[in-house]
Amino acid sequence: MLAFFAQHSKLVDQIGINALLALSLSLSLRAGQLALAQAAFMGIAAYVSAIGAVNAGWNLVECALAGALAAGAVALLLALPIGRLRGVFLAIATIGFGEIARIVEVNASITGGAEGFSNIPNDANTLWIYGTLALTGTALFFFNRSKFALAAAATREDENAARGVGIDVARVRMLTLAGGAVVAGLAGALYAHANFFITPGDFGFPRMEQILVYCVIGGVTSSLGAVAGAALMTILPEVVRFLQDYREVTSGAILLGIILFAPDGIAALWKRRS
Amino acid sequence: MSGARGRELAVEGVSVRYGGVAALDEVSLQVAPGAVVGLIGPNGAGKTTLINAVTGVVRPAQGRIALGGTQLERLPQYRVARCGIARTYQNIRLFGALSVGENVRAGAIARPGRLSDTEARALLARAAMHEADLARRAGSLPYGEQRRLEIARALAAQPAVLLLDEPAAGMNPAETHELREVIRAIAAGGTGVLLVEHDMSLVSAVCDSVVVLNFGEVIATGTPTEVARNPAVIEAYLGTSEA
């Protein structure tokens, strides 16, 4: 196992970044909102941190903070027009937002357009990535025990009853979306600084779909599940490399199996309640 | 925010319209601290609409709703709840995937601090849910217990006024009998109770006064015995002999 990871340090870094992305989506899912804008938030932060590093000479910490704050601020603005949307309508609107972000990245001159943005300092090593993951995990550990997490869970279960006990549902939804965007922003900044080169295509719908798959497989409202789902679905394509062109089939098969036989995800396997 | 009791709920001339239909037409009633007021009427009379108007779910077209000195009729639903009005639902609306304990804690979410397990158990006991398993998933409880858990969740807010929307629906006679004691004890603690109910034996047993609605209008008010003898009430429920 260790030898496997030693050979695949790039893969280990990817797992950490994907785990952050899964955690970010699980935050907005916690309040019951299927908002599929995580890839866009990641992209916004990736470009802010890349441009900050190359054009303004910021260090990694400055880049990550600026990227995360930019993603969070965009999420707060996005929360206004999508505040009344629910379910698939929210999903479609946020996918649309993701496309807008991608098209802006393709056409703006400061992002380098479709060719991508390169020469990003390659300074986000495994330690930085897992340090950020540990920090985020700790923050979520305390979040999960907070009254705000209970308010989010109540909002997910029944918005009307949540209002009936005095929960400001609009605020809960806005803050979980923004909190998720900040985490996606950290992932985006680390991604930019771990890859030297980014393109708008890195943050399109396929990425969003992957993040959603991590959460569905892990269990949509569990932090540990999200991390486990991200790890499993990042490693799997490497493990089944021998299947060559058919290896994508395994991801689909696992997703189908989880939805059919363990709809609460792998998190439910170690957290069975009455 | 304040859960302080001792404030009267006053509904004055409240009308609610859905399109051209008047669901409530200039309805007035009061619920004094510690009083149990029954709200009865045939199906579609506007009972639940009145509860929805008081809790801010629907906005009245006219009229005033006040709790103590606070005007409620323009406040959003969650602010009304924080002013001290709690409710249960005709169709149970628990947080089904959350535990019994989390449901009770959610009821107290607008109050400062956090409920201990002992406090949660005490609230459940006040709703006649004894020896409850706090870790059990609320959605997996039997129906009658779900109703009681909803009452405990509402009590957790320490409301000035509690609105019970058909709490006895689906309860067996023994459970309904227990519910009488629950409602009496809540009122004895100083909370005003507005009870929407079809079970007339429960209404007669616990209500100090009764308001009868029909087609969105108040057709009678008085003690349970008075309204039961009122010809307009009998007509609303049974129709006239010529009909």
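Which length gain, in nm to one decimal place, applies between A:Glu209 and A:Ile100 when the Cα-Cα distance is subtracted from 0.36 nm times their residue separation?
37.6 nm
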task = Could you give the size of the charge dipole of chain B about its Cα centre, using +1 on the Cβ of each K and R and -1 on the Cβ of each D and E, expressed in debye and rounded to the nearest 20?
result = 1040 debye
key: Net charge of neighbours whose Cβ lies under 13 Å from the Cβ of A:Leu27, counting Lys and Arg as +1 and Asp and Glu as -1   = +3
ask   = What is the spin-label model distance, in nm, from B:Ser28 to A:Asn59 if the labels are put 7 Å beyond Cα along the C-beta direction?
value = 7.2 nm
query = On full extension of the chain, what length is gained from A:Glu248 through A:Ser118, given 0.36 nm per residue of separation minus the C-alpha to C-alpha distance?
reply = 43.9 nm
ask   = If each residue's Cβ is checked for other Cβ atoms within 10 Å, how do B:Arg82, B:Arg59 rank with the fewest at the top?
value = B:Arg59, B:Arg82
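Taking the number of other C-beta atoms within 10 Å as the exposure measure, put B:Val218, A:Val88, A:Val165, B:Val31 in order starting with the fewest.
Values: B:Val218 20, A:Val88 9, A:Val165 26, B:Val31 30.
Exposure proxy ranking, most exposed first: A:Val88, B:Val218, A:Val165, B:Val31.
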task = Obtain the nm distance between the two label points defined at A:Leu135 and A:Arg86 by a simple spin-label model: each point lies 7 Å from its Cα along the Cα-to-C-beta direction.
result = 3.7 nm
request  = Round to a whole angstrom and tell me the spacing of the C-alpha centers of region B:198-242 and region A:177-224.
outcome  = 61 Å
request  = List, in order, the whole-Hz ³J(HN,Hα) value for each residue of region A:217-226 obtained from phi through the Karplus relation with A = 6.51, B = -1.76, C = 1.60 and θ = phi - 60°; use x for Gly and Pro.
outcome  = 5, x, x, 4, 10, 10, 5, 4, x, 4
task = Report, for the protein assembly as shown, the % of DSSP beta bridges that are antiparallel, rounded to 5.
result = 55 percent
query = Relative to the first principal axis of the alpha-carbon coordinates of chain B, what is the inclination of helix B:143-155, with its axis defined by its Cα atoms, in degrees from 0 to 90 and to the nearest 10?
reply = 90 degrees
ask   = Any idea how far apart A:Val240 and A:Phe142 come out in nm if each label point goes 7 Å out from Cα toward Cβ?
value = 4.0 nm
note = Exposure-ranked with fewest Cβ neighbours within 10 Å first, B:Cys83, A:Cys63 stand as B:Cys83, A:Cys63
task = Report relative contact order for region A:7-204 in percent, whole number only (criteria: Cα-Cα under 8 Å, sequence separation at least 6).
result = 45 percent
Cα long-axis angle, helix B:117-126 against chain B (0 to 90 degrees, to the nearest 10) = 30 degrees
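Each value in this text was obtained by applying a stated rule to the coordinates, not by laboratory testing. On a predicted model such as this, the values are computed, not experimentally measured, just so you know. Every residue, glycine as well, gets a Cβ built from its backbone with ideal geometry; the counts of neighbours run over all protein chains shown.
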